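Colleague: Starting off with a structure, shown below.
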Amino acid sequence: MEYMNKMRRKWDILTDERKAQLVDETITFFKTKRNEQIGMVAAGEILDFFSQALVEDAYNKAISDTKGVVKK
């Protein structure tokens, strides 16, 4: 795990525990909703894809919301 912590990318905002939970939830989603079997590697890649794609939008939304609160 120590090696993984050093390999963080800019969109890695999740703790290892949260990432593991979301990987498990992704596997469960594919099994129950799509009747497809995927493994941990595929689920991790899906999570990485969406994390990378959404992190900038989430950050910008948080900044915008914060500015709105501070101005009041």
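Bear in mind that the values in this text are calculations on the coordinates, not laboratory data. None of the values given here were measured: they were computed from a predicted structure. Please note: Cβ atoms are built from the backbone with ideal geometry, for glycine as well, and neighbour counts cover all protein chains shown.
Colleague: Can you tell me how the range 15-71 classifies by the Cα gyration tensor, rounded, prolate or oblate, using a/c under 1.5 as the rounded cut?
Modeller: Working: a/c = 3.01, a/b = 2.75, b/c = 1.09.
Because a/c hits 1.5 or more and a/b exceeds b/c, the range 15-71 counts as prolate.
Colleague: Give me the distance in nm between label points sitting 7 Å out from Cα along the Cα-to-Cβ direction at LYS31 and PHE49, one decimal.
Modeller: A separation of 2.1 nm, rounded to one decimal place.
Colleague: Separate question: Quick one: what are the phi-derived ³J(HN,Hα) couplings along the range 18-32, Karplus 6.51/-1.76/1.60 with θ = phi - 60°, whole Hz, x for glycine and proline?
Modeller: Once rounded to whole Hz, the list reads 5, 4, 4, 5, 5, 5, 4, 5, 5, 4, 5, 4, 5, 5, 8.
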